[in-house]
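Q: Here it is, the structure, as structure tokens.
The values are calculated or read from the model by the stated rules, or taken from the named source; none is laboratory data. Values in this document were obtained by computation on a predicted structure and should not be read as measured data. Positions of Cβ are generated from backbone atoms using ideal geometry, with glycine treated the same way; all protein chains shown enter the neighbour counts.
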Amino acid sequence: MSSVVENFMNYVVAKNPNEPEFHQAVREVVESVMPVVDATPAYKRAKILERIVEPERTIMFRVPWTDDRGEIRVNKGYRVEFNSALGPYKGGLRFHANVTLSTMKFLGFEQTFKNSLTTLPMGGGKGGSDLDPRGMSDNEMMRFCQAFMAELFRHIGADTDVPAGDIGVGGREIGYLFGMYKKLRNEFTGVLTGKGLNWGGSLVRPEATGFGATYFIEEMLKTRGEALQNKKVAVSGFGNVAWGVALKMTDLGAKVVTISGPDGFVHDPDGIKGEKIDYMLQMRASGRDRVQDYADKFKVEFHAGKRPWIVPCDVAVPAAIQNELDENDARALLKNGVKCVCEAANMPVVPKAVHLFQEAKILFAPGKAANAGGVGTSGLEMSQNAQHLCWAREEVDMRLKQIMERIHHTCLTYGQEGTYTNYVKGANVGGFIKVADAMLDQGLV
Ligand code: 2IT
């Protein structure tokens with residue numbers, strides 16, 4: 001089997017040179033699904049694997065805008081419409097300096113299987129820009145979003161492609177993007193998710209990725225007769241996902257003891273709760289992209305230039321960005337007795353570290369399963385928009401919890417290896433089969 005995987009990866013690398021993140025994401029899925037493809041002649045005949053790794057459409061565009069000094073700035077814009085077998089393309093927009101075609105393609109590819117796992121009718125897509133939003137004024141961000149949408153609007157629509165937020169794109173940016181789309185199209189539709197509550201947004205959407213990951217961790221722990229109560233949790237990042245994790249973990253009796261930023265990490269042994277969680281929102285809104293402010297304000301330890309994985313914990317939740325947890329971090333976590341590692345960001349754990357966790361037979365959840373609550377709740381926002389109504393908080397939260405329980409069940413169904421559950425395999429195979437079968441049904445398009 002491994003030579004079949006290697007041959008296929010050689011084909012992917014040759015066709016998509018200089019795209020390391022994309023290769024990494026494809027390899028992880030192909031390693032899991034190759035036995036299924038091999039045993040299914042219809043998939044082989046229809047070249048499902050070759051087709052599924054090729055985006056249906058890749059849009060790249062120029063985003064020219066003017067900063068507050070009157071200086072003209074030029075950024076790259078992307079929308080990768082990866083797969084529409086299950087529904088309109090769906091996935092976030094990322095504004096971050098390290099955005100490249102490779103990161104956009106890896107994220108769009110992951111999104112396709114993640115969205116499939118949610119069981120909602122959504123295809124996969126991703127977009128964004130290499131914009132570095134740090135230090136930008138409100139007005140600059142509005143002009144940038146308007147310039148970005150001045151091109152993107154012709155490619156998207158409520159039944160075609162529905163973007164949302166991701167790193168660097170939150171409620172403010174979605175507002176500016178939505179306003180410009182509405183002006184250009186002269187229509188008020190659910191073309192974006194993560195909208196404001198009084199103009200078509202859904203309750204629980206801001207919290208959903210973090211809540212969903214926490215529900216998923218709860219399900220994983222249950223398989224070993226454990227609960228979240230009194231667990232010590234190390235989290236990285238301090239953005240939307242880390243914030244949602246801190247809220248729900250605290251709610252369920254666990255203690256979040258770290259958050260991190262590009263400047264280092266904060267260790268708060270008493271737990272990040274109450275006003276401290278609210279302060280995370282303020283740090284984010286400040287645009288300073290650092291967490292030392294938290295340590296200064298609440299008089300706790302700050303470790304400059306370090307990552308939180310050296311802090312002893314029961315559960316580790318990387319919630320920042322791709323490839324942020326490496327082999328050395330994995331060894332440190334295992335040495336300190338970590339029981340569960342959950343990817344709340346997209347592909348934050350490098351492949352060698354994933355293998356170390358799996359060899360140690362601890363619980364390990366891949367992002368496409370564990371962080372699917374964000375896009376799942378975007379799917380619920382689309383349902384509400386289509387019905388022109390709003391559901392109560394309890395209703396959305398209950399549906400989110402059910403989505404996460406179903407994804408966990410899918411992982412158990414396809415991921416069993418003896419007594420160990422390989423959640424990576426479970427998520428990849430479970431997500432893949434639905435997309436592949438839909439592609440077969442819909443013919444060669
Ligand atoms: O990575 C992700 O799943 C997201 N950024 C959310 C995408 C969405 O459409 O809500």
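Q: Determine which single condition Val315 fails, assuming it passes every other condition in (1) buried (at least 18 other Cβ atoms within 10 Å of the Cβ); (2) within 24 Å of the chain's Cα centre (by Cα); (3) free of Cβ contacts under 8 Å to residues at least 24 places away in the same chain.
A: (3)
Q: Among the numbered criteria (1) free of Cβ contacts under 8 Å to residues at least 40 places away in the same chain; (2) aliphatic (A, V, I, L, M); (3) within 16 Å of the ligand (Cβ to nearest atom), which single criterion is violated by Ile310?
A: Result: Ile310 passes all but (3).
Q: Moving on. Every residue in the range 107-138 that is within 25 Å of Gly261 (Cβ to Cβ), more than 15 Å from the chain's Cα centre (by Cα) and in contact (Cβ under 8 Å) with a residue 60 or more places away in the chain, please.
A: Once the filter is applied, which keeps residues that are within 25 Å of Gly261 (Cβ to Cβ), more than 15 Å from the chain's Cα centre (by Cα) and in contact (Cβ under 8 Å) with a residue 60 or more places away in the chain, the range 107-138 yields Ser129, Leu131, Pro133, Arg134, Gly135, Met136, Ser137.
Q: Specify the residue that is farthest from the chain's Cα centre (by Cα); the eligible residues are those in the range 67-106 that are within 11 Å of the ligand (Cβ to nearest atom) and part of a strand (DSSP E or B).
A: Step by step, filter the range 67-106, then rank; the result is Tyr89.
Q: Looking at the structure I just gave you, is Phe216 of a type in the set (Phe, Trp, Tyr), more than 25 Å from Gln282 (Cβ to Cβ), surrounded by fewer than 24 Cβ atoms within 10 Å (Cβ to Cβ) and away from the ligand (no atom under 11 Å from the Cβ)?
A: Details: of a type in the set (Phe, Trp, Tyr): yes; more than 25 Å from Gln282 (Cβ to Cβ): yes; surrounded by fewer than 24 Cβ atoms within 10 Å (Cβ to Cβ): no; away from the ligand (no atom under 11 Å from the Cβ): yes.
Criteria not met by Phe216.
Rundown of residues vs (1) more than 16 Å from the ligand (Cβ to nearest atom); (2) touching a helix residue (DSSP H, G or I) at 6+ places or on another chain (Cβ under 6 Å), yes/no style:
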residue	(1), (2)
Asn346	no, yes
Val350	yes, no
Ala360	yes, yes
Phe364	yes, yes
Lys368	no, yes
Ala372	no, yes
Thr377	no, yes
Gln384	no, no
His388	yes, no
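Q: Find the residue count for the range 33-61, including only residues that are of a type in the set (A, V, I, L, M, F, W, C) and in a helix (DSSP H, G or I).
A: The number of residues fulfilling the criteria is 8.
Q: On the basis of being within 23 Å of Pro133 (Cα to Cα) and buried (at least 18 other Cβ atoms within 10 Å of the Cβ), does Gly261 make the cut? First the steps, then the outcome.
A: Numbers: within 23 Å of Pro133 (Cα to Cα): yes; buried (at least 18 other Cβ atoms within 10 Å of the Cβ): yes.
Criteria met by Gly261.
Q: If you don't mind, another one. Inspect the range 149-162 for any residue being within 11 Å of the ligand (Cβ to nearest atom), touching a helix residue (DSSP H, G or I) at 6+ places or on another chain (Cβ under 8 Å) and of a type in the set (Val, Ile, Thr) and give the result as yes or no. Lay out the reasoning, then the answer.
A: Initial filter on the range 149-162 (within 11 Å of the ligand (Cβ to nearest atom)): 161-162.
Remaining after also requiring touching a helix residue (DSSP H, G or I) at 6+ places or on another chain (Cβ under 8 Å): 162.
Narrowing the set further to residues that are of a type in the set (Val, Ile, Thr) leaves 162.
Within the range 149-162, one or more residues are within 11 Å of the ligand (Cβ to nearest atom), touching a helix residue (DSSP H, G or I) at 6+ places or on another chain (Cβ under 8 Å) and of a type in the set (Val, Ile, Thr).
Q: Let me ask another. Out of Thr58, Thr118, I need the residue that is out of contact with any Pro (no Cβ under 9 Å at 6 or more places or on another chain), within 14 Å of the ligand (Cβ to nearest atom), polar (S, T, N, Q) and modelled with pLDDT of 95 or more. Which one? Spell out how you get there, then give the answer.
A: On the way: Thr58 fails: within 14 Å of the ligand (Cβ to nearest atom).
Testing whether each residue is out of contact with any Pro (no Cβ under 9 Å at 6 or more places or on another chain), within 14 Å of the ligand (Cβ to nearest atom), polar (S, T, N, Q) and modelled with pLDDT of 95 or more leaves just Thr118.
Q: Take the residues of the range 41-70 that are closer than 24 Å to Gly426 by Cβ and free of Cβ contacts under 8 Å to residues at least 24 places away in the same chain: which is surrounded by the fewest Cβ atoms within 10 Å (Cβ to Cβ)?
A: Per the criteria, the residue is Pro41.
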